[in-house]
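Novice: Take this structure, written in structure tokens, and hold onto it; I'll ask about it next.
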Amino acid sequence: MPRDRRPRASPAEPVRPLHCRRVCFLALAASLAASVACRGTGTRAPDASAASVARDTARVTSRVTSRVTSRAAASGRARGTLRDAELWSPSLGATKRYLVWLPPGYARDDATRYPVAFYLHGLYGDETDWTRQGGLDATLDSMTAAGLPPMIVVMPDGDDSWYVTSNVLVGVDACRRVQRTEPADRYCVPWWRYDEYVARDLVAHVDSAYRTRADRAHRAIAGLSMGGYGAVTLALRYPDVFAAAASHSGVLSPMYDGPSPFAAPPRYAATPERLQEKWARFWPSMGVAFGRDTAAWQAREPVRLVRRARDAGAALPALWFDAGTDDALVIDQNHAFAWELARLGVPHEWHPRPGKHDWTYWRTNAPHSLAWIAARIGA
């Protein structure tokens, strides 16, 4: 049974009607979107220099942050409910845990149904990362009080899977012999089919257990780092399931091999040896998930999935991604992914922002992906 993760205070003052809060929030989101310099289509604010655009972006971001902070500080505001729960995944042959944030009023109104956003953690993380380190539940409380259209947010445990069906078979016995902080019964699964686990098992479970708007138009997925890769690739592999995907600091071009700093055209690793050299630190998980030959990596390359979905006539998900300008791990490959999308004529939003590959960056920028997602699935 789900368990509440924290006590909830009852509201001490009336909350504005939902339609008023939604209008105010969407106006703020529109203001934010209008001030962003880097668009996937290559457009920028008319007659604006890079410096003026940067000033406008910083000013709007500051306004969003200060407004959210003031909402959080206000006493007596209705807050959402954070629960931990679990599901049996046929795709993994195991029971997996997840956290779910339910918006204020969910328990009081048993008729309203809500859109759903799934937020994926990064490598070495688990289902608690987004709340324990990212404060996503507090951010959702504040933004919903400020007018964010209410939605359900689900944070699953994805282990170190890269959210794919593994290219290399991983035996349960071999997995259990590796010492980890996480219990082997939770981490070691018989079948490494994490894409099916999220897109099929988890989505179906959430739709049956909670009052969701159970269709593609009201479902989105987001993540950070490994989870950013997972969000984008799952939305592309399962275009019937997700209408939008957002990535913070995602590994969106795993085979990218220069130049650094990015300059077009991008160059890609051509041999398995170069891939292992490039990703040496993460090879224990990436070698299993992506494989040990270039053909297997190419099949999992996000831009290849874009081409495949487009050529199949599938409705492409809306794509949004950001990365820190001081993030040496992924900034260049995110530039490369944006360049490839632009070359293919695929609409997207790409936002390089100040910051590194760390929780300071992800905490600061989570409101941007939440606002973008809510504007797409919250109607």
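Novice: Please enumerate the residues belonging to the range 115-139 that are among the hydrophobic types (A, V, I, L, M, F, W, C) and farther than 21 Å from Ala217 by Cβ.
Specialist: Leu123, Trp130, Leu136, Ala138
Novice: Right, next: Does the range 78-87 hold any residues that are surrounded by fewer than 21 Cβ atoms within 10 Å (Cβ to Cβ) and in contact (Cβ under 8 Å) with a residue 40 or more places away in the chain, and which are they?
Specialist: Hits for the range 78-87 are Ala78, Thr81, Arg83, Asp84, Ala85, Leu87.
Residues are listed down the side, and each one gets a yes or a no for (1) of a type in the set (Gly, Ala, Ser); (2) modelled with pLDDT of 95 or more; (3) closer than 25 Å to Gln133 by Cβ:
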residue: Ala296; (1), (2), (3): yes, yes, no
residue: His335; (1), (2), (3): no, yes, no
residue: Ala342; (1), (2), (3): yes, yes, no
residue: Gly345; (1), (2), (3): yes, yes, no
residue: His351; (1), (2), (3): no, yes, yes
residue: His357; (1), (2), (3): no, yes, yes
residue: Arg363; (1), (2), (3): no, yes, yes
residue: Leu370; (1), (2), (3): no, yes, yes
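Novice: Please go through the range 132-171 and pick out each residue that is assigned to a helix (DSSP H, G or I), surrounded by 24 or more Cβ atoms within 10 Å (Cβ to Cβ) and of a type in the set (D, E, K, R).
Specialist: Asp141
Novice: Follow-up question, since we're still on this one. Could you run through the range 197-217 and say how many residues are crowded, with 19+ Cβ neighbours inside 10 Å and either in a helix (DSSP H, G or I) or of a type in the set (A, V, I, L, M) (or both)?
Specialist: Final tally of qualifying residues: 8.
The values are calculated or read from the model by the stated rules, or taken from the named source; none is laboratory data. Keep in mind the model is a prediction, meaning the values are calculated, not measured. Counting neighbours? That spans all protein chains shown, and the Cβs are built from the backbone with ideal geometry, glycine included.
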